[in-house]
Every structure is written in C-alpha cells, then in structure tokens.
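First comes the structure, then the notes that go with it.
The values are calculated or read from the model by the stated rules, or taken from the named source; none is laboratory data. Just so you know, these numbers come straight off a predicted model, no measurement behind them. SASA here: full protein model, heavy atoms, side chains in, ligands and nucleic acids out. Shrake-Rupley method; radii C 1.70, N 1.55, O 1.52, S 1.80 Å.
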Amino acid sequence: MSNSAVDITLLGRTYSIGCPKGREDALRTVAREVENQLTTLKSRTNNLSREELAIMAALNIGNELFEEKQKNKQYMAQMDERISLLQSTLETSLVERSRKDD
C-alpha cells in the first residue's frame, strides 16, 4: 500500500506526515485530538515549552489508552467467563438430554 502526505497543524505549526492511503481521515482525527490536548494544556500552563507540552499530551493520551486497554481486558475476561458458563450449561443440557433418550 502506498503512502500519501497529509498536512496537519499542531499549535500553529504545520507538519507533513506520511500516511497509508485510505487512512488520511483517521490521521486527521487523531491530529485534532492531539491539538485539543495541546491547546488545553497550553491554556492551563502558559510557561511550558512546546516539547514539555508534547510530553504532557503524550502522557495524557497514553494514560487514556492504558485505561481503555484495562477496560477492554476486563470486558474480555467477563466475556470469557460468560462463554465458559454458556458452554457448561450447554454441555449439562446435552448430557441430560442424552440420558433421557437412553
């Protein structure tokens, strides 16, 4: 798959980013979210450099990702538990039915 360049602007600076074809909208959406994080941080702490703002935004976004991964793990564990219960219930029902047919 070939790449195309997508221009994004963060804190007034434009960057040209290589992006796989078909993923441009996703990159723009992510860039808007990063810009929102940077703008929010900048408004709260005017004395941080661009680098410090970028690090803080990365940590905030990383924390959000971590929390979502934790939620996903919990959900998957719940689903595994429910699937096991369903399998057990089905096996029990099949054994009972088999006994009735004998």
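Let me know the shape class of the stretch 1-87, please: from the alpha-carbon gyration tensor, a ≥ b ≥ c as square roots of the eigenvalues, rounded when a/c is under 1.5, otherwise prolate if a/b is greater than b/c, or oblate.
Numbers: a/c = 4.21, a/b = 1.58, b/c = 2.66.
Taking the square roots of the gyration eigenvalues as a ≥ b ≥ c, the stretch 1-87 is oblate.
To the nearest ten degrees, helix 24-44 and the longest principal axis of the Cα atoms of the chain are 60 degrees apart.
Quick check on the stretch 57-99: what does the Kirkwood estimate of hydrodynamic radius come out to from the alpha carbon pairs, in Å?
On the way: mean 1/r = 0.0783 Å⁻¹.
Kirkwood hydrodynamic radius for the stretch 57-99: 12.8 Å.
Counting only protein heavy atoms, what percent of the accessible surface of the chain is carbon or sulfur at a 1.4 Å probe? Provide the component values of the computation, followed by the final result.
Numbers: 4470 of 8460 Å².
Reported share for carbon and sulfur atoms: 53 percent.
Working note: Cα gyration tensor of the stretch 1-46, eigenvalues times five, square-rooted, sorted largest first, giving semi-axes of 25, 10, 5 Å. For the chain, the longest principal axis of the alpha carbon atoms and the long axis of helix 50-101 meet at an angle near 10°. Annotation: amide H-H contacts under 5 Å for Leu10 (H modelled 1.01 Å from N, sequence separation of 5 or more, or interchain): Tyr15.
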